[in-house]
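The structure appears below as structure tokens.
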Amino acid sequence: MLFGLRKSSETVNGLKPFWVVCVTHMFVEVYYLTQVALIPVFISEFNLSLLEASLVATVPGIVQLLANLPSGLITGRFTTKQLLFTSMVTEGLAALLVSKAMNFWILLLGISAMRLCSPIYHISGLSYISQIIEREKMNRSMGFHNALGSFGSAIGLIILSIFLSTEGWRWSYVFWALPMLIWGFVILRSGELEIRSSDGDEFGKIPRYSRLPSSAFLIFLVATGLRAVGYSGAQTYMAVYLVGTRGFSESAASLIFGFGTFAGIIGSLNGGYLGEKVGAKKALSLAIICSAISLFVLGLLSQRHLLVVAYLAYAFFSSSIWSPMNSLVADITPKEGRGMSYSVYFFTEGLVVSVTPTIAATLIGLSEIWFVFPFSVAFFTSSLIVLQFLSCSTKTSTIEEV
């Protein structure tokens, strides 16, 4: 079978459970980039200062960060079906609230509520995928899962641009809210999205996982944390560099980011394919190396068309890391604690990403904007070095397919 689904998995309204999770991922990510893209619009419509506008990014980010660990705990108490339903209904209702916001604080409340659905979905969804897919098919499956998320982000930006030039930004939230709510109830009325954990207990009961994190998992957290510092620094200040230093217009920079999102879709598929062929650790190492090289080259270029090519290459390789990273979590952690492992992983990355822009801004203030390139490349390189100390299991289980 294409994705190596285990025989114990069930179908949902004729669909494989894997695809139900992936479609949910697409819906979760449709607003991922629209919040940032709308900040100038929010400043104008709600008469915000720059400091107030920054709360649109920071407060929801903190809410999502703090929700990661509780989300890991509830994966042991509720079925995947219940959590996916909660994620969709939360995002759909929050989107409607944002569309009706008449003041800044209601807007902030709605966006923060929308960000709650991300950890609820990602931790339960990834934990579920890791348990219904054969290990040798894990990287490919994670690649398709991440590609659907990237597609959601890309199509979200496209729909936003259409409504910005026609009916207004609020309709972009209404447009997605109804399909999200419908999809949530489709999930709720479907067959059970649950499996049995390795100790024989039913999935959905409190797991009996209380061991300390393994050395392999700690090494993984350090490596991915260092990579996140490099990625966050480059991603946060890339637009400033393109507009302020290289003379791109704001609309041109937004268009470049849009193309980068589509490059990320292909990159996600590439990461899954490469992980299946050479292993998750080697695939992740190659993606980090290529990300560092493309970013380093980008910082040296001055011709605009070459800059665009370099950025698309960087976006491609940066997205190639997600599939092997998610697969590695499944490879180095036990099934009983898989949900909590994903929550710790997301919490660590979220914590690093929340402080990196301030640190990078301080260093940039002491030099110039170009400093973000050696800054990020240095952390990519450090991540690559630490990753080589990670020891992964090479065993694959023989599981009968559907």
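The values are calculated or read from the model by the stated rules, or taken from the named source; none is laboratory data. None of these values were measured; they are calculated from a predicted model. Don't worry about glycine lacking a Cβ; one is built from the backbone with ideal geometry, like all the others, and counts go over all protein chains shown.
Filtered by the rule that a residue be modelled with pLDDT of 75 or more and within 16 Å of R115 (Cα to Cα), segment 39-54 gives no residues.
Got a sec? Which of L126, L97 is in the same structural domain as I43 (by TED's automatic domain parsing) and over 27 Å from S268 (Cα atoms)?
L97
When Y345 is tested against (1) among the hydroxyl-bearing types (S, T, Y); (2) under 30 Å from K277 (Cβ atoms); (3) touching a Gly at 6+ places or on another chain (Cβ under 9 Å), only condition (3) is not met.
Could you tell me whether S320 is at pLDDT below 85 and small (G, A, S)? Criteria not met by S320. Among the residues making up segment 233-267, those that are aromatic (F, W, Y) and under 15 Å from L295 (Cα atoms) are Y237, Y241, F257. All of G272, G267, G260 fail the test of being buried (at least 19 other Cβ atoms within 10 Å of the Cβ), in contact with a His (Cβ under 9 Å, 6 or more places away or on another chain) and not aliphatic (A, V, I, L, M), apart from G272.
A quick yes/no check of all residues on (1) of a type outside the set (S, T, N, Q); (2) out of contact with any helix residue (DSSP H, G or I) (no Cβ under 7 Å at 6 or more places or on another chain); (3) in the same structural domain as V308 (by TED's automatic domain parsing); (4) modelled with pLDDT of 80 or more:
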position: V174; (1), (2), (3), (4): yes, no, no, yes
position: G184; (1), (2), (3), (4): yes, no, no, yes
position: E192; (1), (2), (3), (4): yes, no, no, no
position: G200; (1), (2), (3), (4): yes, yes, no, no
position: F220; (1), (2), (3), (4): yes, no, yes, yes
position: L226; (1), (2), (3), (4): yes, no, yes, yes
position: V229; (1), (2), (3), (4): yes, no, yes, yes
position: S251; (1), (2), (3), (4): no, yes, yes, no
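In segment 330-340, what count of residues is obtained for those that are surrounded by 23 or more Cβ atoms within 10 Å (Cβ to Cβ) and β-branched (V, I, T)? Counting residues in segment 330-340 that are surrounded by 23 or more Cβ atoms within 10 Å (Cβ to Cβ) and β-branched (V, I, T) gives 1. With respect to (1) under 30 Å from M325 (Cβ atoms); (2) more than 17 Å from the chain's Cα centre (by Cα); (3) of a type in the set (A, V, I, L, M, F, W, C), the lone exception for L148 is condition (2).
Is there a residue being crowded, with 18+ Cβ neighbours inside 10 Å, β-branched (V, I, T) and more than 19 Å from the chain's Cα centre (by Cα) anywhere in segment 81-96? Scanning segment 81-96, I find at least one residue that is crowded, with 18+ Cβ neighbours inside 10 Å, β-branched (V, I, T) and more than 19 Å from the chain's Cα centre (by Cα), so the answer is yes.
Within segment 273-280, one or more residues are touching a Pro at 6+ places or on another chain (Cβ under 6 Å), touching a residue at least 12 places away in the same chain (Cβ under 8 Å) and closer than 30 Å to S127 by Cα.
Among (1) surrounded by fewer than 23 Cβ atoms within 10 Å (Cβ to Cβ); (2) over 18 Å from the mean Cα position of the chain (by Cα); (3) within 30 Å of P70 (Cβ to Cβ); (4) at pLDDT below 80, which single condition is V402 missing? Tallying (1) surrounded by fewer than 23 Cβ atoms within 10 Å (Cβ to Cβ); (2) over 18 Å from the mean Cα position of the chain (by Cα); (3) within 30 Å of P70 (Cβ to Cβ); (4) at pLDDT below 80, V402 fails exactly one: (3). Is it fair to say I132 is surrounded by 21 or more Cβ atoms within 10 Å (Cβ to Cβ), at pLDDT below 85 and of a type outside the set (D, E, K, R)? In short, yes. Filtering segment 83-121 to residues that are among the basic types (K, R) and within 14 Å of W169 (Cβ to Cβ) leaves only K100. Considering only residues that are among the aliphatic types (A, V, I, L, M) and either assigned to a loop (DSSP other than H, G, I, E, B) or not assigned by TED's automatic domain parsing to the domain that holds L188 (or both), which ones fall in segment 36-66? Those that are among the aliphatic types (A, V, I, L, M) and either assigned to a loop (DSSP other than H, G, I, E, B) or not assigned by TED's automatic domain parsing to the domain that holds L188 (or both): L38, L48.
Here are some residues: M138, M114. Which one is within 16 Å of V56 (Cα to Cα), part of a helix (DSSP H, G or I) and either assigned by TED's automatic domain parsing to the domain that holds V23 or charged (D, E, K, R) (or both)?
M114
Within segment 67-87, the only residue that satisfies the criterion of being of a type in the set (F, W, Y) and not in a loop (DSSP other than H, G, I, E, B) is F85. Of the residues S367, S343, S302, S391, the single one that is modelled with pLDDT under 80, hydroxyl-bearing (S, T, Y) and exposed (fewer than 15 other Cβ atoms within 10 Å of the Cβ) is S367.
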